[in-house]
Amino acid sequence: MVFAYPYAFLLLLLPFLVYKLLPRVKGMQGDALKVPFLDDLERISIASGGIWAPKATTGNGISKPFLWMYLIWALLCVAAARPQIVGEPLRLQNNSRDIMLVLDISTSMLEPDFSFANRRITRLDAVKKVVSDFTTKRANDRLGLILFGTRAYLQAPLTYDKASLNDILWSMQAGMAGDSTSIGDALALALKNLKDKSGDKVIILLTDGENNDGSLSLAQAIKLAKDEGIKTYTIGVGSPNIFFQMLALSPQTGDDKGLKELARQTKGQYFRAESTSDLQKVYDLIDKLEPTQGNENYIRETKDVFYLPLLGAVLVGLGLVFVMKRTL
């Protein structure tokens with residue numbers, strides 16, 4: 001147990017100071033403190049011969065009524081000191097990252113060139129699973145979601161509510177934002193939503209195409225990202241064309257050159273994911289590259305129990321009133 005205001009215990013000395021310093025007056029039973037309630041106790045005790053008689057004193061000359069009244073005073077002082085029960089320390093982490101997820105949902109994401117559990121799935125289905133797992137791991141970070149195709153839309157502002165974010169992830173459908181790909185507009189929207197945020201800011205942009213629509217070119221968006229100094233990880237998804245696989249070549253799909261430049265200019269990294277396992281590895285790596293930051297702070301749950309000594313003072317006071325009435 002701790003006390004929020006320990007200096008309140010200095011008030012325990014006040015009655016003794018009053019007892020010693022106030023001038024004494026002649027009363028019915030000799031010298032007495034000029035305190036009205038003790039006079040009442042004196043008259044009652046004379047009539048009853050009870051324990052409140054002023055002559056009933058301790059060895060040092062302090063009357064018993066004074067001791068009982070001092071007990072009430074002491075309980076009030078304890079209540080004023082605000083006693084608290086302190087629980088076990090709980091660790092808190094602060095300075096969490098703000099991460100904006102920017103996902104391509106153009107119709108090309110319907111290409112079924114990924115697999116999971118030995119069955120073919122679309123690129124978008126693979127993204128839903130992997131990104132959902134990633135968001136769940138980032139318990140201490142705020143995450144936002146931008147979906148883009150022909151247009152870019154903010155689907156979820158930065159939030160700690162991962163459940164709601166994942167609901168949006170699983171409900172997104174290819175083509176909802178249009179058939180073409182506006183990477184520049186999506187990146188600009190992400191920068192706008194992170195611009196005035198403090199702390200560490202990260203963008204993770206995933207696409208399977210090239211910037212072929214929108215009001216901003218990818219070069220313009222890259223300059224904006226560089227000026228803002230927001231680290232951007234870029235991910236190109238999709239398998240190479242089967243014709244090139246037969247030639248044992250590994251051509252780039254989508255705007256790999258632009259995505260690489262974006263990552264380089266913002267001190268991020270570029271990744272290529274041609275399978276579900278590749279995509280999982282990419283997000284696992286980003287999770288390690290961007291660990292949750294912050295000093296480890298601790299808090300303790302405190303519960304005020306000042307009402308206990310306060311209740312004790314009230315009960316003792318009521319007991320005195322009851323005894324005084326019995327003696328009348």
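For the reader, a short list of remarks on this structure follows.
- Index of the failed condition, Ser108 passing every other in (1) open to solvent by less than 60 Å² (accessible area, probe 1.4 Å); (2) over 22 Å from Ser182 (Cβ atoms): (2)
- For Ile85, the test of being open to solvent by 70 Å² or more (accessible area, probe 1.4 Å) and at pLDDT 80 or above is passed.
- Out of Ala163, Ala156, Ala188, Ala221, sole residue that is assigned to a helix (DSSP H, G or I), more than 26 Å from Glu274 (Cβ to Cβ) and open to solvent by less than 40 Å² (accessible area, probe 1.4 Å): Ala188
- In region 182-201, the residues that are over 10 Å from Met100 (Cα atoms), touching a residue at least 60 places away in the same chain (Cβ under 8 Å) and of a type in the set (D, E, K, R): Lys197, Asp200
- Here Gly149 fits the description: surrounded by 24 or more Cβ atoms within 10 Å (Cβ to Cβ), touching a Gly at 6+ places or on another chain (Cβ under 6 Å) and on the phi < 0 side of the Ramachandran plot.
- Taken as a whole, the structure places Ala126 among residues that are farther than 18 Å from Val202 by Cα and either part of a helix (DSSP H, G or I) or in contact with a His (Cβ under 7 Å, 6 or more places away or on another chain) (or both).
- Matching entry among Thr150, Thr159, Thr135 (being polar (S, T, N, Q) and within 19 Å of Leu218 (Cα to Cα)): Thr150
- Residue check for Asn118: open to solvent by 20 Å² or more (accessible area, probe 1.4 Å), at positive phi and out of contact with any Lys or Arg (no Cβ under 7 Å at 6 or more places or on another chain): yes
- Qualifying residue in region 125-132 (condition: open to solvent by 20 Å² or more (accessible area, probe 1.4 Å), on the phi > 0 side of the Ramachandran plot and without any contact (Cβ under 8 Å) to a residue 24 or more places away in the chain): no
- Helices (runs of 4 or more DSSP H) fully within region 231-328 counting 1 or more residues that are modelled with pLDDT under 90 and crowded, with 18+ Cβ neighbours inside 10 Å: 307-327
The values are calculated or read from the model by the stated rules, or taken from the named source; none is laboratory data. Nothing here was measured: the structure is a model prediction, and the numbers come from that model. A quick note on method: Cβ atoms are made from the backbone with ideal geometry, for glycine too, and the neighbour counts reach across all protein chains shown. Keep in mind that these areas ignore ligands, DNA and RNA; they rest on the heavy atoms of the full protein, side chains included. Shrake-Rupley method; radii C 1.70, N 1.55, O 1.52, S 1.80 Å.
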